[in-house]
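As structure tokens, the structure follows; a few thoughts come after it.
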Amino acid sequence: MNILKVMTFMFVVSAVLQVAYGQHHIRCIPKEREALLQFKAAIVDHNGMLSSWTTPDCCQWEGIRCSNLTVHIISLDLHGEVHYYESLSLGSYYEVSRRYISGEIHKTLMELRQLQYLNLSFNDFRDTNVPEFLGSLTNLRYLDLSSCHFSGQIPTQISFLSHLKYLNLSRNYYLNGSIPRELGNLSRLQYLDLSSNYFEGSVPSQIGNLSRLEYLDLSGNSFEGYIPSQLGNLSNLHTLYLGGRYYSALKIGATDQWLSNLNSLTHLYLDSISNFNSSPSCLRTIAKLPKLRELSLIHCGLSDHFLLSFNPSNFNFSTSLSVLDLSSNSFTQPMLFQWVSNTTSNLVELDLSWNLLEGSTSNHFGLAMNSLEHLDLSYNVFKGEDLKSFINICTLRSLYMYENNMTEDLSSILHNLSSGCVIYSLQKLSLAFNQIRGIVPDLSVFSSLKILDLSDNQLSGKIPEGTRLPSHLEQLSIISNSLEGGVPKSFGSTCTLELLDLSYNKLSEDLTIIFNHLSGCSKYSLQELSLKNNQIRGSIPDLSAFSNLKTLDLSHNNLSAKIPEGTRLPSHLEQLSIRLNSLEGGVPKSFGSTCTLELLDLSDNKLSEDLTVIFNHLSGCSRYSLQELSLSSNQIRGSIPDLSAFSNLKRLDLFGNQLSGKIPEGTRLPSHLEQLSVMFNSLEGGVPKSFGSTCTLELLDLSDNKLSEELTVIFNHLSGCSRYSLQQLDLSMNQISGTLPSNLATMFPSLKELYLDTNKLNGTISEDLRFPAELEVLYLTSNSLKGVLTDSHFYNMTKLKTLALSNNSLALEISQNWTSTFQLKFIELRSCKLGPLFPKWLEKQNEFHILDISNSGISDKVPKWFWTKFGLSNWMTIDISCNNLQGTIPNLPIQNHYSSLNLASNQFEGHVPQFFRDSIDLDLSNNKFTNSSWFLCSSGVVETLYRLDLSNNMFSGQIPDCWTHFKSLAYLNMSQNKFSGEIPSSMGSLLELQVLLLRSNKLTGEIPSILMNCTQLVMVDIAENRLSGSIPNWIGNELSQLQFLSLRSNYFRGSLPLQICYLKSIQLLDLSQNNLSGEIPTCIKNFSSMAQMTSSRDYQRHYYLNAILMWKGSEQMFTDMGLSLLKSIDLSSNELLGEIPKEIECLFGLVSLNLSRNRLKGGIPSNVGKLTSLEFLDLSQNQLVGSIPSSLAQIDRLTVLDLSHNYLSGKIPTGTQLQSFDASKYEDNLDLCGPPLKKLCIDGRMTI
């Protein structure tokens, strides 16, 4: 008996059921009908698979078959369906739709005692186990639960199904544990598939008791131990899959006698058997199996040495063997080809991919393989010249050579291949993912070739005009090369061409010309054309001549202008993508006449037409076919019109346009719509009640608009039938008010993701609030919610993965003994009240990747169990800053990597632990740490640390000289400590350093010259130390990217080096409170950044800048954006001489200028009024003479001015700004007169 008999049995059962069902109006048994209705109640049915389950006669419901003799239900077939779009591109398949049920399988199915056939495959029962009660359905013959996302173990109760012939639990992926040995009791079983799960342990020997078994698949699991010899008892077995995971520990036993008993075996797959390479006798046994047709030994560690143990004179495979797969092994020498040709005579398919094969073999292989049709040599190291070895395989149809080591010219490679009989037989050829050079040559000599893939090579230049394709070619793919120009006219003469993919090249021809060149006979055959990611120009021409074209991708080119009105699309077009171009205007009315159009993507263009007009233009017959429409990231205006005419539209994306106003009440959505995104527009008001009547709506995203309606009103409007289908609701970043309704759980029972963050929600959380049981993501951050959340609020929530409540006025009061039923991955509770004790409920959370409990009122020692959480997973982000956490941190032996650790603003003390070194961003500022040597000076290279902040602690002594370990450090802040001594020379090894902050310490000595190696520096702040010497010339010569330099409050002396003028990007220069002398160099006009009015902020940075500046008489902290807008020069409190250089008038972007407390002479530059951005100007306590320039009155932004204690004279210029300053800002200038001074002027002179 074989598998055909099993399938025949299934067919007969189905036929009998249909006959039994007949024309009679059978009323099903009420008890069974009620059981089905309870089963339905526990099911989530977004696709209407159970929509017929309403009539009195359950025997007529979809998926139900009843016996005409007993009226009992004997078949329940509710298998899901996955529909894929089959692109003609090689290997290109993707899911376009699914039809499935989810939820849980209710135990009332036990009432179907006569059930013989149960198929629930391809549904979604994730986070549930295979029901134990299925073991009570003792009449079952057929049970298929494959591809359902079940987890847990196989229930032993399955072994009670003594009549079972077919059992399939494959591709659940989450099933685990060991296979119950009780399955060996299923004596009638003919088909068993447990593949692609996570089963562990040994393969139970009891499977050998299944004497009727014909098909056994245990592959794709994690078994270990030896394959049980009892499998040799399965004399009826014709298909056997074992192994299958690369980390499988399954082994062949010392004896392989069991294999010799499997005389019916036709298909044998022993993949990833770890010791097969040491069992040559096993292969000899396999070779003798008389009916074996297919043999797979993937990833079995086979090598050339293994082959040497066989004598070709006494070793041959059965003549029935037609398929041999030796891929993913370790073969290197071409002797393998000779071995194959000597031991197999009738091979049709040979797969040697994923080895290390190289070199040529003799012509014998080609002559001997007179049946070979398919040869896969991909992922080896063959060169183009090695193809000569296969030119005499006259039967070869498919040759796959992708990802080898071919670097020759394409013409040369194809010439080598074309010198034998294979030129006439070859139908499929892939040379993709090599490094083949040259241009595309004439290919017409390959007369039978149907598929050619040259993708991901180094082909370049234009395709020569006249280059002919093979006369029978159906698919040509030359993706990801460097082709230029356009498409030659000769391509349009290939009358069989169905697919042409030239995407990801450098084609630049006008689109109209390209289509003209393709408009020969290929216009009738082309079904799929992709020209995406090129530089093609022009607009969209009329395409109606391409009558069979189904898929057209023109995305990411340089297409522009309006699509001409009347531009027709191909009559059978199904998918059109023109995203990421520069199209203007709208959508022509002619697009709406394409009755087959299913997908239209015009996103990321410059369309600006009113949305209502666009939909009107699409409302021809395409309104019945269109399933997916994306108009995102354009400039489309208007509001959302009624869309009900688009009856089959499932996905609509209007993200990032200029839609505005209220959504009109009564605006209907398409009846089958599943996803609607209108985020990042300017919609106002609320959500119309009509949206709640869309019974298929799964995702609604209205985030980042100006909605202002109350939340309860919005929820009520959505509580029609969409309340049962809605899974993701995003209303974040609006102005929605109100609070959460207490009946949220019953209002949206299927809701999985809820985003309400960044709104104006207020009020107190009700004690009765319950969240939907299916909820996985909850975002309420940045509102004004109040109240207390307790463990009772999270009752019955088993699937919650994200809890984000930050920036509210909420408190979490969780009982100490509460055990959560969920494992969170993202915990964001910043500014919620969790303290004063450290939250114990976190002890049971072991899967989080992000934890933010900063500023949460915790005043406690951190328990040791929390620090052990740092070893749970890699790349965690943890923020416990701004609390009152105390104590030392244990130096645990953890070696994980972290994205970000923020422990700032607490009371931690002692050593900085070594395991923090593997962070990317580490902030330990504002604590009481005293020792950094463990952290800084432990052995081992630190590869990932990018940002380190140790500022404002209690570190003292010399800065450890251990910086050669840190290879990626870009930001270092050790300010506000008590470090002394010199700056360590090893800091010069920080070649990636961009920010160095050492201010407010007790550092001495000079700035070490080795810091000139840190050429990436953007900011240096070593202010408020005891550094001395002169300012080094190399700062200007080597640190050309420097934007912020502060050397304030040190003991630097000497004149300003002229090289400082090389700092063209400098925005902040603070050299105040030193002992500098000499003149201010006139070359400061070279400070280009200060001459610009706009900010030069670097948006590529992954850190925030900060600096302390004297501003309006006091020290203030400026951070990031504020700092990047501030352009300042502070040379105050030095011994500078000479005049203020007039070149300072060129620094138009200057916001702050402080030259006070020096010995400057001469006058104030006459055109100082050109500095229109100036807000702060202090020239006090110098020796300036002359009058105040009248242009100073033109600076209307000036908020701080101090000209006191100089020798200025004459009248203070009249202007609103200058008269508004206090008189003290002009004092001690004896000859100065006019308001705000009390001294009056006559004819510009002072009077007493």
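Separation of the stretch 467-537 from the stretch 1192-1213 is 71 Å, based on Cα centroids.
The calculated FRET efficiency for Thr156 paired with Ala42, based on their beta-carbon distance and R0 = 35 Å, is about 0.90. Applying 1/(1 + (r/R0)^6) with r as the Cβ-Cβ distance of Ser1190 and Gln886 and R0 = 60 angstrom yields a FRET efficiency of 0.45. Annotation: for a label point projected 7 angstrom from Cα along Cα→Cβ of Asn896, residues of the stretch 792-812 with backbone N closer than 18 Å are 801-803.
Between the stretch 810-878 and the stretch 547-609, the C-alpha centres lie 51 angstrom from each other.
When you work out D = kT/(6 pi eta Rh) for the stretch 919-1053 at 37 °C and 0.692 mPa s, using the Kirkwood radius from C-alpha pairs as Rh and the Stokes-Einstein form, the result is 221 µm²/s. Among the cysteines of the chain, those whose beta-carbon sits 4.7 Å or more from every other cysteine beta-carbon are Cys148, Cys282, Cys300, Cys832, Cys882, Cys1014, Cys1146.
Which residues among the stretch 360-392 fall inside the zone where the amide N is under 20 Å from a point 7 Å beyond the Cα of Cys421, along Cα→Cβ? Label zone hits: 361-376, 387-392.
Look at the alpha carbon pairs under 8 Å that are at least 6 residues apart: their mean separation over the length of the chain gives a relative contact order of 2 percent. Length available on full extension from Ser52 to Phe315: 0.36 nm per residue minus the Cα-Cα distance, which gives 88.5 nm.
Taking a cut-off of 14 Å between Cα atoms, list the aspartates and glutamates near Lys1161, but don't count ones fewer than 8 places away on the same chain. Within the straight-line cut-off, Lys1161 pairs with Glu1079, Glu1135, Glu1139. Placing dummy labels 7 Å off each Cα toward the beta-carbon, the span from Arg668 to Trp1034 is 7.7 nm. For the stretch 403-423, the residues whose backbone nitrogen is under 12 Å from a point 7 Å from the Cα of Gln435, taken along Cα to Cβ, are 404-408.
Remark: relative contact order (the stretch 699-850) = 16 percent; criterion is Cα-Cα distance under 8 angstrom and separation of 6 or more residues. Put a dot 7 Å past the Cα of Ser560, heading toward its Cβ, do the same for Thr332, and the two dots end up 5.7 nm apart.
Given Cα pairs under 8 Å that are at least 6 residues apart, what percent is the relative contact order of the stretch 545-662? Relative contact order, the stretch 545-662: 21 percent.
Taking 0.36 nm per residue of sequence separation and removing the Cα-Cα distance, the Tyr1207/Lys861 pair yields an extension gain of 118.3 nm. Proximity of backbone amide H atoms, modeled 1.01 Å from N, is registered between Glu1139 and Lys1161 at under 5 Å, excluding neighbours fewer than 5 places apart on the same chain. Backbone amide hydrogens, once placed in the peptide plane, bring Phe1052 within less than 5 Å of Asn1075, excluding anything fewer than 5 places away on its chain.
For Cys695 and Asp542, the FRET efficiency from 1/(1 + (r/R0)^6), where r spans their Cβ atoms and R0 equals 45 Å, is about 0.70.
Each reported figure results from applying straightforward, stated rules to the coordinates on display, with no laboratory input. Note that this is a predicted model, so its numbers are computed, not measured. Glycine gets a Cβ as well: all are built from the backbone with ideal geometry, and neighbour counts include every protein chain shown.
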